[in-house]
Amino acid sequence: MSRLDDLLDTVEGYRDDMIKEMTAMLRIPAMGPENGGEGEYERAQFIEGLVRRCGFNEVQRFDVPDERVEHKVRPSIIARHRGASERTVWLVSHMDTVSPGDANAWIHPPFDGTVVDGKIYGRGSEDNGQAVISTLFALRALLGLGLEPTLSIGIAVVADEEAGSEHGIKYLLQKGLFRQDDIIYVPDSGSKDGSLVEVAEKTIIWLKFIVRGKQVHASTPEKGLNALRVGSELLVDVSKHLYGKYNAEDDLFRPPRSTFEPTKRLVNVDNINTVPGEDVFFMDIRLLPRYDPQDCIDTAREIARIFEERTGAEIEVITQRIDPAGEATPIDGEGAIMLRRAIRRVLQVEPVFAGIGGQTCANWFRLAGMEAYAWETIDGVAHQANEYAIIDNIVNDAKVFATLLVEMCYHDQFKEPCPDY
Ligand SMILES: [Zn+2]
């Protein structure tokens with residue numbers, strides 16, 4: 001009979017190794033073409049080696065063709081430890097990162113993996129390197145015991161999460177790699193104290209508005225049609241109207257309402273004394289899953305049409321992205337109960353189940369009808385300059401995953417793993 005405390009001591013003993021592997025990984029850039037990079041090829045090779053070092057012997061690489069990058073493929077790593085049942089508990093992380101952005105804003109260079117004051121700095125440290133390391137080292141501790149799990153265990157470290165997952169998890173889902181009754185954990189969203197478990201996400205819609213008027217000299221505006229003025233009024237009106245029409249609140253979500261935010265605006269004329277003939281702006285919409293995305297887009301188009309009639313401008317509304325949200329994962333599901341026990345046992349905090357406006361790989365699993373939970377312990381510095389991961393969080397998350405897997409897959413082989421929880 002094994003004892004959970006011994007297992008957690010083993011995980012604690014990996015602390016230095018976790019730091020070593022994490023810093024080595026952060027030194028290998030892994031940005032997709034949308035982020036100005038050449039893809040994940042080199043980092044995938046490193047991770048494949050790490051997966052083997054952690055004790056997996058069934059390791060596969062899935063290369064999704066992508067002509068835009070140097071090696072012409074976007075690789076994802078899948079590793080399995082077979083149990084008595086084919087049903088699998090998956091830990092899913094992503095290896096790609098966004099670009100560092102303004103290089104001057106970084107105190108510790110983005111690809112150095114600098115360790116200072118209990119933190120590891122670097123692009124992709126919190127998002128999502130921490131998860132790669134915490135999940136793999138939890139497994140290293142368990143695989144080292146040489147026990148056969150009841151349910152099978154799977155690790156997926158995927159590409160292309162930051163730009164839509166077409167060359168990553170979406171491809172793997174189409175390949176039929178996952179079973180309908182598998183349970184999925186995605187450590188790519190969380191809170192500082194580790195209490196937040198994400199069980200639902202909002203639909204994402206990106207709209208592009210093109211307003212065409214007539215460019216003239218600013219001293220004779222009556223001869224033209226100021227596209228910036230029409231665009232500005234439209235921007236405020238569309239946003240207000242959508243906030244008013246889709247105003248339902250759902251307390252599962254943070255924030256509880258749908259959001260309709262004007263974001264990007266394209267540069268127009270170079271000089272101050274020209275009335276612009278074109279105005280282009282974008283809107284980022286996070287819609288509660290209860291609403292029909294098409295209905296929302298139609299509403300935005302209808303307002304644009306009214307503006308056309310009123311002003312004489314020509315207005316085009318283009319849908320740039322539409323990612324529907326899957327149904328919320330039940331908070332009383334088997335996977336939720338086990339995660340709750342593991343979080344309480346290791347972190348001594350009370351888990352809170354909630355929905356968010358962001359999007360993680362968990363959404364694609366939910367859309368495919370699977371139970372998916374996004375959880376980890378983070379400071380929320382993803383995509384920022386001087387992104388970091390707290391070393392204690394990496395180690396403690398690994399302990400939570402080890403405990404979770406004991407509860408789900410090795411329960412009878414451990415002595416009272418979570419007796420009080
Ligand atoms: Zn992420």
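The values are calculated or read from the model by the stated rules, or taken from the named source; none is laboratory data. Being a predicted model, the structure only gives us computed values, none of them experimental. Note that we place each Cβ from the backbone using ideal geometry, even for glycine, and neighbour counts take in every protein chain shown. The protein model used for the area step is the full one, side chains on, heavy atoms only, and it has no ligands, DNA or RNA in it. Shrake-Rupley method; radii C 1.70, N 1.55, O 1.52, S 1.80 Å.
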Verdict on ALA103 being surrounded by 24 or more Cβ atoms within 10 Å (Cβ to Cβ) and away from the ligand (no atom under 12 Å from the Cβ)
no
Could you name every one of the strands (runs of 3 or more DSSP E) located completely within the range 305-421 that has at least 2 residues being within 16 Å of the ligand (Cβ to nearest atom) and either open to solvent by less than 20 Å² (accessible area, probe 1.4 Å) or more than 19 Å from TYR185 (Cα to Cα) (or both)?
371-374, 388-390
For the range 126-177, enumerate the residues that are within 14 Å of the ligand (Cβ to nearest atom), surrounded by fewer than 24 Cβ atoms within 10 Å (Cβ to Cβ) and hydrophobic (A, V, I, L, M, F, W, C).
ALA163
Of these, VAL51, VAL89, which one is touching a Pro at 6+ places or on another chain (Cβ under 9 Å), open to solvent by less than 10 Å² (accessible area, probe 1.4 Å), within 22 Å of TRP364 (Cβ to Cβ) and away from the ligand (no atom under 16 Å from the Cβ)?
VAL89
Selection from the range 237-276 of residues that are assigned to a loop (DSSP other than H, G, I, E, B) and surrounded by 14 or more Cβ atoms within 10 Å (Cβ to Cβ)
TYR246, ASP250, LEU252, SER258, ASN268, VAL269, PRO276
Selection status of GLY36, at positive phi and small (Gly, Ala, Ser):
yes
What are the residue pairs meeting all of these: first residue in the range 63-85, first residue outside the structural domain of PRO29 (by TED's automatic domain parsing), second residue modelled with pLDDT of 95 or more and of a type in the set (Val, Ile, Thr), Cβ atoms under 8 Å, and 6 or more apart or on different chains?
none
